[in-house]
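The next block holds one structure in the form of structure tokens; read it before the comments.
The values are calculated or read from the model by the stated rules, or taken from the named source; none is laboratory data. Small disclaimer: the values here were computed from a predicted structure and weren't measured. Using ideal geometry, Cβ is built from the backbone for each residue, glycine included, and neighbour counts are taken over all protein chains shown.
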Amino acid sequence: MRFKDILYYSLLKVKRNKKNIFLFIILLIGCLTITGALTYKSFISKNIEYMLTKDLSLRSLGAMAAIEYEGREKDFYNEIKNVEHVVEFYNKSYYFLSAPLSNDENKTVSFKYGTPNTLPKKIIGKIINSNDTGVAVCPVKFKDNVKDYYETDNFIDGKELLKNGISINVPIKEKIDGKLTFSGKYYQKKYNVIGLYDPLETYDNYNTCYISASDIEDLYETAYKAGNGNDLPIAHIIVDDLKNVDNVMQTLTDKGFSTFYQGVINYDHINEVNQICNIIIIISCIGIFILTILYIKKINNDNLQNMGIQKAYGYSNGNIQNFSMCELLIISFISIFISFILIESCYLIIRIFFEDYINLKDEIITHSMLSYWFGFLIILVVPIITNSLLNLFYNKKNAINLIRKK
Amino acid sequence: MKEVINLNIEKSYILKHKIIPVFKDLKLSFESGKFYAIMGHSGCGKSTLINIMGLLDNEFKGEYFLNEKNVSKLSNKELANLRNKEIGFIFQEFLLDKYLKAYENVIFPMLVNKDILPKERKKRALELLNMLGLEDRVNHFPKELSGGEQQRVAIARALANNPNIILADEPTGDLDEENETKIFNILKELSKKGKCVIVVSHSNEVKKYADIVYKLQDGKIME
């Protein structure tokens, strides 16, 4: 029998048999569920992979001095300096400061400690050198008010910042009789923006700029120190490599310092999510298998007499199986095609309409082709297997028994 | 007139370790150009006989010659090929594919016949349907046809590969009197055109059309 004939008549029957919609829906939902769960797992895995290489906080520790270092900040920092694999350390108070902009006190910029070890790896323009002052590296798309996070028209093009710089106006507070009050003075400074970076690369907010170590120290000491107590010093420490973080932590702990991770990946939560995805995939596969068997069995039972006639007219078991297989594969391919369109549409919608709300790089929220292939493979393989198994049963029956539905 | 079927067979079933004989020394022959009726009470083995003649049941003792070929020695593939080219079946319940139009149902047996070219199939199907008065029904689905029309489509399908033998098992069982007459007339015409038409029927009407009536009783044939 010609393949063209099998294909032609199978297409006709698929089109005309409205009951095929049930199998199509089963396979479509199965495909979407499996592909969706695999894509989500891939997304989490890529996100972690990305964070491990790009998120500086995962290589950062905090260490609080032991009581004997009270008033001996220099000695505390010297201890840290001598720890192997430590590439940078500074007063934790200098790590991150928020300052109101001079043109609108409701809008803020966040400053981070900018040194060669802490600056983003990819900067368009110039980097901050250790002797620099009055300069900043800011986001390519800057949002001056993170409270209006979902208002996408508040972005300022980084090129505007390169032209105009960024100015702050911080009210200086002082402690009088133990109470923190406004001193009447302001800390005002303008920073020339000399470079731009992508905050999605470094997991920073859209309003985070990097300034030099001396500038951030100056800002803290002048405008913010009064608001903080004279506690034991806390250092912010950067380790050279992810694999050395635990060793450094242990060394600092052995020195009697109270140490903590700056950034931690919650693997328990991730494992939980992965397990849920795995369960969804397994249930979907089993569900598709059972529902497909039940559907094919029902269809074949309705089709027994037809199979009998085909045998009577000289069709071999192979011919009959080819027809039923072809019909199933056509439905599978349509399900695969539709699920592909739906998934791609979701990605497009996410990219076009929610791009500014998702603080993640494109390569993380992109889909994994492996997820597609696995989902599609299941949708193809399950009908083939179930049809073949059921045909082993029907092949043994002779034409007359089939016609009489025995 | 040419002898197309020559049978000399024994058939029995095994049921709960007991041997139940169906036919003992059954000798029959059928010629082309004749209309045969096989009658008998329920359970006498009419359908078993037609299954053997139609090469659908190969489990018997003895010999069966179809167009001078001993079919008891053929493989399943050879038997299927012979069925496709030499025998046309007609059943009581019509058994048309409900998802195929009338002419597509007629084409179906031609799909496994390499002697009919693909481009000739539709033309042949339309000719057969025209011959049976169904020229206005070629694009209709079975559910859109009456019982009589469906059986005529089934007859056209049986003729698709121009077989020498037509085997009809209770072809008018689901039809009214008027349609029964039409169907028997068609089968009679086919026998006049040289086909060997063998009809199994309960209906006494068939006797009016049959050239030879065989009565099957106690595993033997009474003419």
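In the set (1) within 20 Å of the chain's Cα centre (by Cα); (2) under 30 Å from A:LEU402 (Cα atoms); (3) among the aromatic types (Phe, Trp, Tyr), the condition left unmet by A:PHE289 is number (1).
May I ask you to list the residues in the stretch A:1-22 that are modelled with pLDDT of 90 or more, in contact with a Leu (Cβ under 8 Å, 6 or more places away or on another chain) and of a type outside the set (D, E, K, R)? Of everything in the stretch A:1-22, those that are modelled with pLDDT of 90 or more, in contact with a Leu (Cβ under 8 Å, 6 or more places away or on another chain) and of a type outside the set (D, E, K, R) turn out to be A:TYR9, A:LEU12. Any chance you could count how many residues in the stretch B:92-121 are over 20 Å from B:MET131 (Cα atoms) and touching a residue at least 60 places away in the same chain (Cβ under 8 Å)? The total comes to 2. Out of the residues in the stretch B:127-186 that are crowded, with 18+ Cβ neighbours inside 10 Å and of a type in the set (Asp, Glu), state the one that is nearest to B:LEU56 (Cα to Cα). Per the stated criteria, the residue is B:ASP169. With the requirement that a residue be more than 9 Å from chain A (Cβ to nearest Cβ) and assigned to a loop (DSSP other than H, G, I, E, B), what does the stretch B:89-100 give you? If the condition is that a residue be more than 9 Å from chain A (Cβ to nearest Cβ) and assigned to a loop (DSSP other than H, G, I, E, B), then B:GLN92, B:PHE94 are the ones that fit.
Yes/no per residue for (1) of a type in the set (Val, Ile, Thr); (2) more than 24 Å from B:LYS193 (Cα to Cα); (3) in contact with a Gly (Cβ under 8 Å, 6 or more places away or on another chain):
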site	(1), (2), (3)
B:GLU10	no, yes, yes
B:LYS34	no, no, no
B:ILE50	yes, no, no
B:GLU68	no, no, no
B:LEU96	no, yes, no
B:ILE107	yes, no, no
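Does the stretch A:48-56 include one or more residues that are closer than 30 Å to A:ALA223 by Cα and at pLDDT below 90? So far as the stretch A:48-56 goes, yes, one or more of its residues are closer than 30 Å to A:ALA223 by Cα and at pLDDT below 90.
The sole residue among A:ILE172, A:ILE237, A:ILE156, A:ILE166 that is in contact with a Phe, Trp or Tyr (Cβ under 9 Å, 6 or more places away or on another chain), closer than 24 Å to A:PHE89 by Cα and surrounded by 13 or more Cβ atoms within 10 Å (Cβ to Cβ) is A:ILE237.
Residue count for the stretch A:257-284 satisfying the condition of being at pLDDT 85 or above, among the polar types (S, T, N, Q) and not in a helix (DSSP H, G or I): 3. Of all residue pairs spaced 6 or more apart or on separate chains, those with beta-carbon atoms under 6 Å, a first member in the stretch A:109-133 that is on the phi > 0 side of the Ramachandran plot and a second member that is at pLDDT 90 or above are A:GLY125/A:ILE194; A:GLY125/A:GLY195; A:GLY125/A:LEU196. Residues of the stretch A:367-399 that are surrounded by fewer than 20 Cβ atoms within 10 Å (Cβ to Cβ) and within 14 Å of chain B (Cβ to nearest Cβ): A:ASN395, A:LYS396, A:LYS397, A:ASN398. Taking the stretch A:261-286, which residues are surrounded by 15 or more Cβ atoms within 10 Å (Cβ to Cβ) and either more than 25 Å from A:SER45 (Cα to Cα) or free of Cβ contacts under 8 Å to residues at least 40 places away in the same chain (or both)? Within the stretch A:261-286, none qualify.
Return yes when B:GLY133 is more than 9 Å from chain A (Cβ to nearest Cβ) and at positive phi and no when it is not. In short, yes. So in the stretch B:70-88, with the set limited to residues that are in a helix (DSSP H, G or I) and more than 10 Å from chain A (Cβ to nearest Cβ), which one is surrounded by the most Cβ atoms within 10 Å (Cβ to Cβ)? The residue in question is B:VAL71.
Please specify each residue of the stretch B:31-69 satisfying the condition of being closer than 18 Å to B:PHE184 by Cβ and either within 14 Å of another protein chain (Cβ to nearest Cβ) or not in a loop (DSSP other than H, G, I, E, B) (or both).
B:PHE35, B:TYR36, B:ALA37, B:ILE38, B:MET39, B:LYS46, B:ILE50
Just one of the listed residues (A:ILE238, A:ILE194) is touching a helix residue (DSSP H, G or I) at 6+ places or on another chain (Cβ under 7 Å) and not basic (Lys, Arg), and it is A:ILE238.
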